[in-house]
Amino acid sequence: MILISACLCGCNCKYNGKNNLNEKCLKILKEKRGIPVCPEQLGGLKTPRVPSEIKEEKVINKDLEDVTKNFVNGAKEALKLAKLVDCKIAILKDGSPSCGSDYIYDGSFTGKKIKGKGITANLLEENGIKVISENELDVNFV
């Protein structure tokens, strides 16, 4: 089973209430090989919500509120789900403060990307689950 960022499956769970539909991820879901998850919702954040970025090991939203606890709790719940269905791999939305696997935004809310991992991506990897971004999917994978 593959854990997939719910926004990549067409779920409107992004901070702005929209999604990041990826046809390859949707195909995996429809073939019943994937389970969608939104760590930010699992952590108690509403949709839509104020955008957040990681800054100095904390997750801060654009209103300067510390939402680290929500992101950590959501990551733990995502890990719990991954373990329940024996996921070995996760396809997560790059850039997200939860799911970023290659890059995240730098915390300045200016759109600047930096090398880094989101809270959930990091926790999954620490627990032996391979994390890739939607950009790493190729035709052989699906």
Working only within the stretch 89-115, note down all residues that are in a loop (DSSP other than H, G, I, E, B), in contact with a helix residue (DSSP H, G or I) (Cβ under 9 Å, 6 or more places away or on another chain) and in contact (Cβ under 8 Å) with a residue 40 or more places away in the chain. LYS93, ASP94, SER96, PRO97, SER98, CYS99
Looking across the stretch 97-114 at residues that are of a type outside the set (Asp, Glu) and touching a Ser or Thr at 6+ places or on another chain (Cβ under 7 Å), the single one that is nearest to PHE71 (Cα to Cα) is SER98
Just wondering, is there one or more residues in the stretch 116-137 that are modelled with pLDDT under 95, of a type in the set (A, V, I, L, M, F, W, C) and part of a loop (DSSP other than H, G, I, E, B)? yes
Here is a list of conditions, (1) under 21 Å from GLY43 (Cβ atoms); (2) free of Cβ contacts under 8 Å to residues at least 24 places away in the same chain; (3) touching an Asp or Glu at 6+ places or on another chain (Cβ under 9 Å); (4) aliphatic (A, V, I, L, M), and LEU84 meets all of them except one; can you say which number that is? (3)
Can you go through LEU45, LEU84 and tell me which one is modelled with pLDDT of 95 or more and out of contact with any helix residue (DSSP H, G or I) (no Cβ under 9 Å at 6 or more places or on another chain)? LEU84
Lone qualifier among LYS117, LYS76, LYS93, LYS112 - being loosely packed, with under 14 Cβ neighbours inside 10 Å and not hydroxyl-bearing (Ser, Thr, Tyr): LYS112
Counting only residues that are within 24 Å of GLY107 (Cβ to Cβ), surrounded by 23 or more Cβ atoms within 10 Å (Cβ to Cβ) and touching a residue at least 40 places away in the same chain (Cβ under 8 Å), how many does the stretch 1-36 have? 3
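The values are calculated or read from the model by the stated rules, or taken from the named source; none is laboratory data. This structure is a prediction, so every number in the text was calculated from the model and none was measured. For neighbour counting, all protein chains shown are included, and Cβ atoms are generated from backbone atoms with ideal geometry for every residue, glycine included.
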